[in-house]
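First the structure, in the form of structure tokens, and then the observations on it.
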Amino acid sequence: MDQRELGTSGLRVSAIGLGCMGMSQSYGPPDDEESVRTLHRALDLGITLIDTADAYGKGANETLIGRAIGGRRHGVVVASKFGLVPGPAGPATDVDARPERVKACCDASLARLGLDRIDLYYLHRVDPKVPIEETVGAMAELVRAGKVRFLGLSEAGPQTIRRAHRVHPIMALQSEYSLWTREPERAVIPACRDLRITFVPFSPLGRGFLTGAVKELETLAPGDVRRRLPRFEGENLQRNLALIRALEQMARSKGCSAPQLALAWLLAKGPDIVPIPGTKRRRYLEENVSAADIVLSAADVASLDEAFPTGAAAGDRYPPDSMRLLETEQA
């Protein structure tokens, strides 16, 4: 697979990474054995960027990743995150990024992953109670101690990104970005480009919506987090389905699937974009990887831009308590 540089680090990662959250939470019951097989298949296909967090499955996801990459560490770029405080159910609604927590969180992640160093360590959400300089200053201590190679932020706004970058170089900014979530284009992606920070879109397939697989909530497992997300509810869902029909029609004209076209669009947005679609099944992984072979013309990209303008999706990404943690939405 083609590779792209991670910020100014000199470290190159696969153009498409693998988001692992869904292997341990949010989208139905986990299947650890199939997840491990999916991770192994990802490495076989040339995916090198593996993304997890201490909040995913309350640590279970990091343990799963550590088990899967044991013996295959060479060439694998492991990214993890800290800061979110998982709630009893549904999306996290609180964050704790006090400097005194940073080392303890990192040490716990290293133990679960079975590693002596994390390649890319993100602040999962900006803590409004703690100056970003203090949190990133503590994260920089991890770099100096050899426990972390490079630093990243998630869902941070442009001013926070610039303040953090002055304390220690930030190599990646992770946020939701897809055809139906284009808000980062307004200010966040331009700030990243100004500072030469790689942008890492999570949920690049709209939590499965852009695959066309979600037509009604009744098809989702009882514990599926999408049952509580505004974009998948009632009238919002019906309005959003019209967007899927447009994507599917364009995909047929290109001879690919809708999710492949959605990923190809992201890759065409610039060499500093590294999407991390999540899946726990090999067949979807293989379909996603094939998107890297699709070449879109400027006219193709423009047509998709027109069909999916910023703000086209009906409904917020999260419930209100989680939305307040997203600086990218406030930019």
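The values are calculated or read from the model by the stated rules, or taken from the named source; none is laboratory data. Here the structure is a predicted model, which means the values were calculated and not measured. We place every Cβ from the backbone using ideal geometry, glycine too, and count neighbours over all the protein chains shown. Ligands, DNA and RNA are excluded from the accessible area calculation, which covers all protein heavy atoms including side chains. Shrake-Rupley method; radii C 1.70, N 1.55, O 1.52, S 1.80 Å.
Of everything in region 265-277, what is surrounded by 18 or more Cβ atoms within 10 Å (Cβ to Cβ) and either assigned to a helix (DSSP H, G or I) or at pLDDT below 95 (or both)? Give them in sequence order. Passing the criteria: 265, 266, 267. Is it the case, given these coordinates, that residue 287 is at pLDDT 95 or above and surrounded by 16 or more Cβ atoms within 10 Å (Cβ to Cβ)? For residue 287, the condition - at pLDDT 95 or above and surrounded by 16 or more Cβ atoms within 10 Å (Cβ to Cβ) - is met. If the condition is being closer than 24 Å to residue 1 by Cβ and open to solvent by 10 Å² or more (accessible area, probe 1.4 Å), then region 27-55 contributes 34, 36, 37, 40, 41, 43, 44, 45, 46, 48. Could you grab me the full set of residues in region 238-258 that are without any contact (Cβ under 8 Å) to a residue 40 or more places away in the chain and touching a Lys or Arg at 6+ places or on another chain (Cβ under 8 Å)? Across region 238-258, the qualifying residue is only 241. For region 218-231, a residue qualifies if it is surrounded by 14 or more Cβ atoms within 10 Å (Cβ to Cβ) and free of Cβ contacts under 8 Å to residues at least 24 places away in the same chain, and exactly one does: 227.
Of the set (1) at pLDDT 95 or above; (2) farther than 19 Å from residue 4 by Cα, all apply to residue 180 but (1).
Checking each residue of region 70-86 against the condition of being surrounded by 17 or more Cβ atoms within 10 Å (Cβ to Cβ) and more than 25 Å from residue 26 (Cβ to Cβ) gives no match.
Could you check how many residues of region 151-187 are in contact with a helix residue (DSSP H, G or I) (Cβ under 7 Å, 6 or more places away or on another chain), assigned to a strand (DSSP E or B) and touching a residue at least 60 places away in the same chain (Cβ under 8 Å)? Outline the logic, then answer.
Residues of region 151-187 that are in contact with a helix residue (DSSP H, G or I) (Cβ under 7 Å, 6 or more places away or on another chain), as a first pass: 151, 153, 155-158, 160-165, 167-168, 170, 173, 175, 177-180, 183-184, 187.
Okay, now just the ones that are also assigned to a strand (DSSP E or B), so 151, 153, 170, 173, 175, 178.
Subsequent filtering for residues that are touching a residue at least 60 places away in the same chain (Cβ under 8 Å) retains 170, 175, 178.
Of the residues in that region, 3 qualify.
Taking region 115-128, which residues are open to solvent by 20 Å² or more (accessible area, probe 1.4 Å) and more than 13 Å from residue 160 (Cα to Cα)? Result: 115, 116, 117. With respect to residue 6, determine if the residue is crowded, with 18+ Cβ neighbours inside 10 Å and within 18 Å of residue 174 (Cβ to Cβ). Yes: the conditions hold for residue 6.
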